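This report concerns only the one structure given below.
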Amino acid sequence: MPKKAPASLLDLESGLRLHATRLALGRGQQDFAVLLGVGRTTLANWEGGKLPDVRAMVRLLDAEGVPLEWIYAGMLRRVEAELSEKLRVELSELQRRRATKSNVQANPKVAPLLRHPRRVA
């Protein structure tokens, strides 16, 4: 069986923006999947780096006003100011977490320190 091709940077970034959108809207994965008309597993795959289906993203635009340009290209031109700020904050936090996770995977000696930080007396 052939190996699955790794997700492209575009797919990964789209997934990260979709995840940030869900968090900015204050929705859980199951609730958000229902809004998009897909299963929770499909949503998890999209958030993990599989390119989201355009039809589902149109449903997101219709329901919440989140433009396709944000999900696919990271542009926030037509997003209201409050939502725009929430999206930026959530995306920044997810990017920070991803960078931390990558650093831990690259340096296994750091992982135990992050899981069990020393307590300061």
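The values are calculated or read from the model by the stated rules, or taken from the named source; none is laboratory data. As the structure is a prediction and not an experimental result, all values here were calculated from the model. We place every Cβ from the backbone using ideal geometry, glycine too, and count neighbours over all the protein chains shown.
Determine if segment 63-70 includes at least one residue that is in contact with a Gly (Cβ under 9 Å, 6 or more places away or on another chain) and surrounded by 14 or more Cβ atoms within 10 Å (Cβ to Cβ).
Within segment 63-70, none of the residues are in contact with a Gly (Cβ under 9 Å, 6 or more places away or on another chain) and surrounded by 14 or more Cβ atoms within 10 Å (Cβ to Cβ).
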Checklist entry - Do we find that V79 is at pLDDT 90 or above, in contact with a helix residue (DSSP H, G or I) (Cβ under 7 Å, 6 or more places away or on another chain) and β-branched (V, I, T) in this structure? => result no
Item to check | Every residue from segment 53-96 that is free of Cβ contacts under 8 Å to residues at least 12 places away in the same chain and among the aliphatic types (A, V, I, L, M) | outcome: V58, L61, A73, M75, A81
Next on the checklist: Within segment 30-38, does at least one residue satisfy the condition of being among the charged types (D, E, K, R), surrounded by fewer than 17 Cβ atoms within 10 Å (Cβ to Cβ), out of contact with any His (no Cβ under 8 Å at 6 or more places or on another chain) and assigned to a loop (DSSP other than H, G, I, E, B)?
Outcome noted: no
Checklist entry - Counting only residues that are assigned to a loop (DSSP other than H, G, I, E, B) and either at positive phi or without any contact (Cβ under 8 Å) to a residue 24 or more places away in the chain (or both), how many does segment 39-52 have? => result 2
Next on the checklist: R55 - would you say it is farther than 20 Å from R98 by Cβ and either among the aliphatic types (A, V, I, L, M) or part of a loop (DSSP other than H, G, I, E, B) (or both)?
Outcome noted: no
Item to check | Top-ranked residue in segment 82-121 [being surrounded by 12 or more Cβ atoms within 10 Å (Cβ to Cβ) and at pLDDT below 60; ranked as farthest from A56 (Cα to Cα)] | outcome: V110
Checklist outcome for this item: Filter segment 70-87 for residues that are aliphatic (A, V, I, L, M) and in a helix (DSSP H, G or I); the one that is nearest to L10 (Cα to Cα) is A73
Next on the checklist: Out of everything in segment 8-29 that is among the polar types (S, T, N, Q) and more than 10 Å from the chain's Cα centre (by Cα), what residue ends up being surrounded by the fewest Cβ atoms within 10 Å (Cβ to Cβ)?
Outcome noted: S8
